[in-house]
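The values are calculated or read from the model by the stated rules, or taken from the named source; none is laboratory data. Keep in mind that this is a model prediction, so the values were computed, not measured. Backbone-built Cβ (ideal geometry, glycine too); neighbour counts: all protein chains shown. These area figures cover heavy atoms from the full protein model, side chains too; ligands, DNA and RNA do not enter into them. Shrake-Rupley method; radii C 1.70, N 1.55, O 1.52, S 1.80 Å.
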Amino acid sequence: MAICSKCRTRFIYWISLTIISIGIGLLFDLSILTTNSFPLFIRIIGLAGIIFTHFLLKRTGKLLRMFGESVLWGWSTKLIVKNVYKCVRHPHHLGVGMFMTFLGLLIGYPVTFIIITVSQWLWVFLFVLFIEEKECLEKFGDEYREYSKNVPMFFCNPICIIREMFTPINK
């Protein structure tokens, strides 16, 4: 499946932001401030969180492939309102923010954690607010407006997502 050109550009920006934020954080933690790393149990929480969010990201990808009627990777043409999408409008972006937060815990240095977490959540939130929401309204119109009245953009009941992660996906 081909990748939409907008999606490729956005992915490159996100990877660049990730590499730069990790690099700057580690520079401060290891060279300038020489901070101590987090305790092992915090880093283990980071690893467990990465594993959980990996499955959330895989699930959103599977739902998009199965129901999004995508011709191009990253560009669905049908609104999905089932499974984790009934808990939160942008579960993939929520997963990216969570993944990066847990990656910061796993790397295990305080400045790196703060830089990764703040920069990634800022990127995700601004991207969804100013680009993704607009594109969804253009693509899906009134159906999306109605959906957005009932389903939060990001911050949802975590029990809903956990429950849906264990619910089989039925066509």
Largest-first ranking of PHE102, PHE55, PHE130, PHE155 by accessible area, probe 1.4 Å, whole protein assembly kept, is PHE155, PHE130, PHE55, PHE102
What helices does the chain have that are whole DSSP H segments, at least 24 Å long along their own axis by Cα, and with mean Kyte-Doolittle hydropathy of -1.0 or more? 5-26, 40-67, 110-127
Tell me the accessible surface of TYR13 in square angstrom (1.4 angstrom probe, heavy atoms of protein chains only), to the nearest ten. 140 Å²
For the pair LEU27 and PHE55, how long in nm is the line joining their label points, each one 7 Å along Cα→Cβ? 3.8 nm
Which order do TRP123, TRP14 take by accessible area at a 1.4 Å probe, largest first? TRP123, TRP14
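Which pairs break 18 Å Cα to Cα here: LYS62/LYS149; LYS82/LYS171; LYS139/LYS171; LYS6/LYS86; LYS149/LYS171?
In this structure, LYS62/LYS149; LYS139/LYS171; LYS6/LYS86; LYS149/LYS171 exceed 18 Å between Cα atoms.
Using unit Cβ charges (K, R positive; D, E negative) and no other charged atoms, how large, in debye to the nearest 20, is the dipole of the chain about its Cα centre?
Here the chain has a charge dipole of around 480 debye.
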Environment charge at GLU132 (Cβ cut-off 14 Å; Lys +1, Arg +1, Asp -1, Glu -1): +2
Given backbone amide H placed at 1.01 Å from N, residues whose amide H is under 5 Å from that of SER70, ignoring those fewer than 5 places away on the same chain, are THR77
From the coordinates shown, Rg and Dmax of the Cα atoms in Å corresponds to which of (i) 20.4, 65; (ii) 15.3, 50; (iii) 17.3, 54: (iii)
